[in-house]
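Handing you this structure, nothing more for now.
The values are calculated or read from the model by the stated rules, or taken from the named source; none is laboratory data. Predicted, not measured: the structure shown is a model, and the values here were computed from it. With ideal geometry, Cβ positions are generated from the backbone for all residues, glycine too; neighbour counts draw on all protein chains shown. Accessible surface areas use protein heavy atoms only, side chains included; no ligands, DNA or RNA. Shrake-Rupley method; radii C 1.70, N 1.55, O 1.52, S 1.80 Å.
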Amino acid sequence: MNKYMTGLWGILTGGLLLLATGGCGYHIGFIKHPQLNSIAVAPAVNETAIYNAASDARMMMCEVVMQDGTFELSDQHNADAILYMVVKEVAFASVSDASIENDNQYKPSEWRTKVTVDYKLVIPGQGEPLRAGTVSGDARFQAPLDVEGSRLRAVRQACYEASRQIIYNIAEGW
């Protein structure tokens, strides 16, 4: 009976502590700029030789904004701020070679893709960017048969990773 009362007392004490600290100002999620509720993603600029890198960067940035939920995605005429991006570099590097023995391929070649993006967040009508920086995202891919298709999918995944860093920098930078 005594053990039962001790366990019940511990549960009640823990519950009271949880209720007492529940209103201490803790916030789950991002703390965004107080004046920004919506952002628009302008068409990106591609300074690389990889086609569709700019459209992939913009598409992945829009997806990240929608998934994140900190800001609403809006058009450029109604948004509180506009995000401009420039894809500066797309690089590929070999990570591991294929494993081939007696004309049997056991493991395809693996490659790494790195995408570097410059970004700036501008409030319409103001010349100075509210936030600017450079981020990079990377992805790995294997090239068993369709090397070009695998490369393009890896570029898209690396753009997604770079977009996640941009939204973190924008949302958490205050």
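Place the peptides 74-85, 120-131 in order of packing, highest mean first, counting for every residue the other Cβ atoms within 10 Å and averaging per peptide.
In descending order of packing, they fall as 74-85, 120-131.
Compute the distance in nm between two label points, each set 7 Å from the Cα along the Cα-to-Cβ direction, one at residue 134 and one at residue 51.
For the pair residue 134/residue 51, the computed spacing is 2.8 nm.
Tell me, what ³J(HN,Hα) does each residue in segment 45-62 have, in order and in whole Hz, if you take phi through Karplus 6.51 cos²θ - 1.76 cosθ + 1.60 with θ = phi - 60° and put x for Gly and Pro?
After applying 6.51 cos²θ - 1.76 cosθ + 1.60, I find 9, 9, 10, 10, 8, 7, 6, 6, 5, 5, 5, 5, 5, 5, 4, 5, 5, 4 Hz.
Near the amide H of residue 131, under 5 Å away, which other amide H atoms are found, from residues 5 or more places off or on another chain, if H is placed in the peptide plane?
121
Just the accessible area per residue of segment 127-174, please: how many Å² with a 1.4 Å probe?
54 Å²
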